[in-house]
Amino acid sequence: MYAIGVMPMPAGFKYQDVFLKGKPRHDRYDSFRLRHPEMPPGKRAKLFAPFDALRGFDFAILMKNELYTDKAGLSPEDQEELDRRFSILHKLTYNSRMARANRVQVTVTYYEPCSDVNSESYGLQGQYKTVTGICWNVDAEVTKTILVDGMRIRMEDIREIESPEKLFETRWEDQSSGWDT
């Protein structure tokens, strides 16, 4: 009885003679070898790399490593300061012409709820994320959102707004009178 790998070869194995011949050997300048050169083992491994038996499994494992937190409330003073900053941004971007002229760059920290339906935190917790870009619109009346580089963020989810131009350190009292310091 011969062995195939670690298994014993059955007595009436149909292809025993082919198996015992082994891997075909070709001469160095054989026409077959010239047409079909031997592939190095490193390249052979690449043939099977794109195969994903469990599609999405790697992503699901990565999502389990995500840390989610509860949404933190703002104190009345912080909410008042945030509303003041919304007002300043609204005055600088109240129409598209003003937004293009001023091109106010802001960094917004906002809360995004967990969107992974397979997570235990789905609908209960989320993450704080930060986006930096040009503020194009502040709509405090209708949609209660702010538009930063094509991303619309709800005002109730925003925790902090900063500007590298020290925009919020000065006081905007009236549009006709200009800036007050």
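FYI, it's all coordinate maths here, none of it is from the lab. Because the structure is predicted, anything quoted here is derived from the model rather than measured. So basically every Cβ, Gly included, is an ideal-geometry build from the backbone, and we count neighbours across all protein chains shown.
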**Prompt:** Quick one: Karplus J couplings for the stretch 148-158, per residue in order, coefficients 6.51, -1.76, 1.60, θ = phi - 60°, nearest Hz, x for Gly and Pro?
**Reply:** 10, 6, x, 9, 8, 10, 5, 5, 5, 8, 7
**Prompt:** Cross-link partners among lysines for LYS14, C-alpha distance below 18 Å, same-chain residues fewer than 8 apart left out?
**Reply:** LYS23
**Request:** Pop out the ³J(HN,Hα) list for the stretch 9-23 in order, Karplus 6.51 cos²θ - 1.76 cosθ + 1.60 with θ = phi - 60°, rounded to Hz; leave Gly and Pro as x.
**Result:** 6, x, 4, x, 5, 4, 10, 4, 5, 5, 5, 6, 5, x, 6
**Request:** As a check on your grasp of the helix formula, calculate [θ] at 222 nm for the chain: sum -39500 (n - 2.57) over DSSP H runs of n ≥ 4, divide by the residue count, round to the nearest 500.
**Result:** -7500 deg cm²/dmol
**Prompt:** Which whole-number percent is the relative contact order of the stretch 76-180 (Cα, under 8 Å, 6+ apart)?
**Reply:** 27
**Prompt:** Nearest 10 degrees, 0 to 90: what angle lies between the long axis of helix 76-92 and the longest principal axis of the chain (Cα atoms)?
**Reply:** 90
**Item:** Nonlocal amide H pairs with PHE168, under 5 Å, H built at 1.01 Å
**Value:** SER163
**Sorted by Cβ density within 10 Å, fewest first, the residues CYS135, CYS114** = CYS114, CYS135
**Request:** Quick one: which residues, 5+ away or cross-chain, put their amide H under 5 Å from the amide H of MET9? H built at 1.01 Å from N.
**Result:** TYR2, ALA3, ILE4
**Fully extended contour minus Cα-Cα distance, from LEU82 to THR130, at 0.36 nm per residue** = 15.7 nm
**Prompt:** When only alpha-carbon atoms count, how far does the stretch 1-160 stretch along each of its three principal axes, as whole angstroms with the largest first?
**Reply:** 86, 40, 22
**Asked** For all pairs of alpha-carbon atoms in the stretch 76-180, what percent lies in each bin of width 10 Å, listed from the first bin to the last filled one?
**Response** 14, 45, 29, 9, 3, 0
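Taking the number of other C-beta atoms within 10 Å as the exposure measure, put PHE86, PHE59, PHE51 in order starting with the fewest. Please list the in-between numbers first.
Values: PHE86 18, PHE59 9, PHE51 6.
Going from least to most buried by this count: PHE51, PHE59, PHE86.
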**Message:** With θ taken as phi - 60° and the coefficients 6.51, -1.76 and 1.60, list the Karplus ³J(HN,Hα) couplings across the stretch 97-113 in order, rounded to whole Hz; mark glycine and proline as x.
**Reply:** 5, 5, 5, 5, 6, 7, 6, 6, 8, 9, 10, 10, 9, 9, 9, 10, x
**Item:** Packing-based exposure ordering (other Cβ within 10 Å, fewest first) of ILE134, ILE61, ILE146
**Value:** ILE61, ILE134, ILE146
**Complete:** Interchain or sequence-distant (5+) residues whose placed amide H lies within less than 5 Å of the amide H of GLU160 are THR109
**Asked** Given the options ASP157, ASP139, ASP17, which has the most mean-square fluctuation in a GNM of the chain, springs set between C-alpha atoms less than 10 angstrom apart?
**Response** ASP17
